[in-house]
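The values are calculated or read from the model by the stated rules, or taken from the named source; none is laboratory data. Keep in mind that this is a model prediction, so the values were computed, not measured. No Cβ is skipped: glycine too gets one built from the backbone with ideal geometry, and neighbour counts run over all protein chains shown.
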Amino acid sequence: MVICVEAVPSTSRRMPSVSFKVNAEYGRLTELVPGLFICGVSAINEDMLKQYNFSYIINATSEVPNFRMYGRTPRVKLWLDDTLDACIYHHFDLQSDQIQQIISQGGRVLVHCLAGVSRSASICLAYLTKYVCRSLRESYNLMNIKRPRVRPNLGFWKQLIKFEEDIKGTPASITLLKDDAQEGGLLPDVYCKLASIRTENSTVDAESKKEYRVRHYSGQKKFHPVLEPLLEVVEATA
């Protein structure tokens, strides 16, 4: 799904066009807990923004601009790349506190990245771990029920695990297992559990299999978004 959006430049100088094409199934809007929403860029449009009237928008990317249609809505751009060596840890505490403050006052927060799979999911997992759930594992299980296709990259998982240990003061609830087939050679054990569930249900009929895979996708195939021309004017600064 491709959406055309226009952003207001912070100066009168017209900025270069930017384009994105993202699978709508990955990008769709999901409410994880009351007041906290996550999506990819393909879900963002004026109708959606008017319907949900967000109090705060977190853009967890470096490549996606803030859009004109955001109007006066407070927002922040984290300038994160979806790479194994990207440092996201220092955003966890600050953004979690900001999300909690807004939700506690009855507001709504939108966290987005390009696909709604890795960067935005990591920020949401940090919030859920700090304020909603007893552990990172419980946070992931909650998110997986609401949004099965989330898959933070390995570097983000390592930082999420450290964040859990730091704020909870307990041993990590998620273990990284050796798996040479994965980028970075490690795999969070929560993915292995989901894969096992799929294997145990391999005897169901073909239609049931299809439905099960949609609902319990373990994310074994890394999502690679496709970028292609799409007219847009971006802000000079985020």
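Data for the structure
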read-out	value
Residue match in region 117-136 (condition: under 21 Å from ASN53 (Cβ atoms) and small (Gly, Ala, Ser))	yes
Hey, GLU211 on the phi < 0 side of the Ramachandran plot, modelled with pLDDT of 50 or more and not hydroxyl-bearing (Ser, Thr, Tyr) or not	no
Residues of region 77-98 classified as part of a loop (DSSP other than H, G, I, E, B) and not hydrophobic (A, V, I, L, M, F, W, C), total	4
Given (1) over 14 Å from the mean Cα position of the chain (by Cα); (2) buried (at least 17 other Cβ atoms within 10 Å of the Cβ); (3) under 29 Å from TYR191 (Cα atoms), number of the condition ASP85 does not satisfy	(2)
Among (1) buried (at least 19 other Cβ atoms within 10 Å of the Cβ); (2) over 14 Å from GLY116 (Cα atoms); (3) in contact with a strand residue (DSSP E or B) (Cβ under 7 Å, 6 or more places away or on another chain) - the single one PRO65 does not satisfy	(3)
Positions within region 144-176 being closer than 13 Å to SER118 by Cα and in contact with a Pro (Cβ under 6 Å, 6 or more places away or on another chain), in sequence order	TRP157
Count - residues of region 108-164 that are more than 22 Å from VAL64 (Cα to Cα) and among the polar types (S, T, N, Q)	6
Residue list for region 107-138, filter: assigned to a loop (DSSP other than H, G, I, E, B) and surrounded by 24 or more Cβ atoms within 10 Å (Cβ to Cβ)	CYS113, LEU114, ALA115, GLY116, VAL117, SER118
Test: residue in region 119-135 that is out of contact with any strand residue (DSSP E or B) (no Cβ under 9 Å at 6 or more places or on another chain) and in contact (Cβ under 8 Å) with a residue 60 or more places away in the chain	yes
Tally, over region 188-208, of residues that are outside any helix (DSSP H, G or I), within 24 Å of ASP82 (Cβ to Cβ) and modelled with pLDDT under 95	0
Condition broken by ARG149, with the remaining ones in (1) outside any helix (DSSP H, G or I); (2) basic (Lys, Arg); (3) without any contact (Cβ under 8 Å) to a residue 40 or more places away in the chain; (4) touching a helix residue (DSSP H, G or I) at 6+ places or on another chain (Cβ under 7 Å) satisfied	(3)
Any hit, region 33-47, residues being over 20 Å from LEU154 (Cβ atoms), of a type in the set (Ser, Thr, Tyr), in contact (Cβ under 8 Å) with a residue 24 or more places away in the chain and part of a strand (DSSP E or B)	no
Residue count, region 139-152 (criterion: more than 13 Å from GLU31 (Cα to Cα) and either crowded, with 22+ Cβ neighbours inside 10 Å or under 11 Å from the mean Cα position of the chain (by Cα) (or both))	6
